[in-house]
Amino acid sequence: MTIVPEVVTNVKAIPTNLTKIFHLEEKRMKKYLRIAQLILAVCLIMTVFSSCSFIKRLDGENEPSYTYSEAGGTIAFPEGFAPKGSKNTLETVMLESTLCGAFTQVPSSKTTEYFYPTTDSLTVTANGTTDGSLGQFRISLWKRTEAGTQWVETLYFKTNGETATGTFSGLDINSKYRISVAFSGATTSCTGSFNVGPLSNTPPAPGG
């Protein structure tokens, strides 16, 4: 007579118990995975905010402390100059050695054409208003180099409609520069005008 051990009758229960264990472990792993993904996302966000100052130089160096303009100054345009006033536009015209610009509802950066400063400094006079809460707009100077365009300096102007003046200094009259205008706001745009000079659209004469 063949004797069958009793343990054989319990063989079917073993896979069932293991399946329950596997399901529990799978749920735990998914939970831990979600927590790890959340922690990783938070770390990435903190890294971005700690390594960026929102405005960075193209050569990788962070922009230093803000340079604010001082109240005062006068803005002039050539007689007959009438900006179209289209949304998100920057229109410019020359008045002798001064670059005159009018920008309308600018939410993001708009740039001018390249020019040459005729001295080692440029005076910037500007004003602006916003269609939302008061903020500030910035006028940045960029230099043309063999590697591309390099940020030089940024001036900040309040969007209270009052005219203010600032200066870019230490410039090379043989190098090309351009300026950009941008509104430092989250949901609104800025409209205003500026004068920048002295400058020229042509390079200086050799030996000049």
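The values are calculated or read from the model by the stated rules, or taken from the named source; none is laboratory data. As the structure is a computational prediction, the values presented were derived from the model and not from experiment. Please note: Cβ atoms are built from the backbone with ideal geometry, for glycine as well, and neighbour counts cover all protein chains shown. Note: areas computed on protein heavy atoms with side chains; ligands, DNA, RNA excluded. Shrake-Rupley method; radii C 1.70, N 1.55, O 1.52, S 1.80 Å.
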How many residues, within the range 95-106, are closer than 24 Å to THR159 by Cα and surrounded by fewer than 18 Cβ atoms within 10 Å (Cβ to Cβ)? 1
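Of the residues that sit in the range 113-151 and are among the aromatic types (Phe, Trp, Tyr) and touching a residue at least 40 places away in the same chain (Cβ under 8 Å), which one is farthest from ASN88 (Cα to Cα)? Explain how you work it out, then say what you get.
Of all residues in the range 113-151, those among the aromatic types (Phe, Trp, Tyr) come to 114-116, 137, 142, 151.
So of that shortlist, the ones also touching a residue at least 40 places away in the same chain (Cβ under 8 Å) come out as 114-116, 137, 151.
Numbers: TYR114: 20, PHE115: 22, TYR116: 26, PHE137: 14, TRP151: 22 Å.
Filtering first and then ranking leaves TYR116.
Mind telling me which of the residues GLY170, GLY166, GLY132, GLY148 ends up being open to solvent by less than 50 Å² (accessible area, probe 1.4 Å), on the phi > 0 side of the Ramachandran plot and small (Gly, Ala, Ser)?
Details: GLY170 fails: open to solvent by less than 50 Å² (accessible area, probe 1.4 Å); GLY166 fails: on the phi > 0 side of the Ramachandran plot; GLY132 fails: on the phi > 0 side of the Ramachandran plot.
Going through GLY170, GLY166, GLY132, GLY148 in turn, just one is open to solvent by less than 50 Å² (accessible area, probe 1.4 Å), on the phi > 0 side of the Ramachandran plot and small (Gly, Ala, Ser): GLY148.
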I need a count of the residues in the range 61-102 that are of a type in the set (Gly, Ala, Ser), modelled with pLDDT under 85 and under 21 Å from PHE168 (Cα atoms). 2
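If you check VAL181 against the conditions, is it open to solvent by 10 Å² or more (accessible area, probe 1.4 Å), closer than 26 Å to THR129 by Cα and of a type in the set (A, V, I, L, M)?
Details: open to solvent by 10 Å² or more (accessible area, probe 1.4 Å): no; closer than 26 Å to THR129 by Cα: yes; of a type in the set (A, V, I, L, M): yes.
Against the criterion (open to solvent by 10 Å² or more (accessible area, probe 1.4 Å), closer than 26 Å to THR129 by Cα and of a type in the set (A, V, I, L, M)), VAL181 does not qualify.
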What number goes with the only condition from (1) assigned to a strand (DSSP E or B); (2) under 26 Å from LYS87 (Cβ atoms); (3) open to solvent by less than 40 Å² (accessible area, probe 1.4 Å); (4) not aromatic (Phe, Trp, Tyr) that LEU122 does not pass? (2)
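Quick test for you: out of SER140, SER109, pick the one residue that is hydroxyl-bearing (Ser, Thr, Tyr), under 20 Å from the mean Cα position of the chain (by Cα), buried (at least 17 other Cβ atoms within 10 Å of the Cβ) and more than 18 Å from PRO203 (Cβ to Cβ). Quick ask: steps written out before the conclusion?
On the way: SER109 fails: buried (at least 17 other Cβ atoms within 10 Å of the Cβ).
Matching residue, one of SER140, SER109: SER140.
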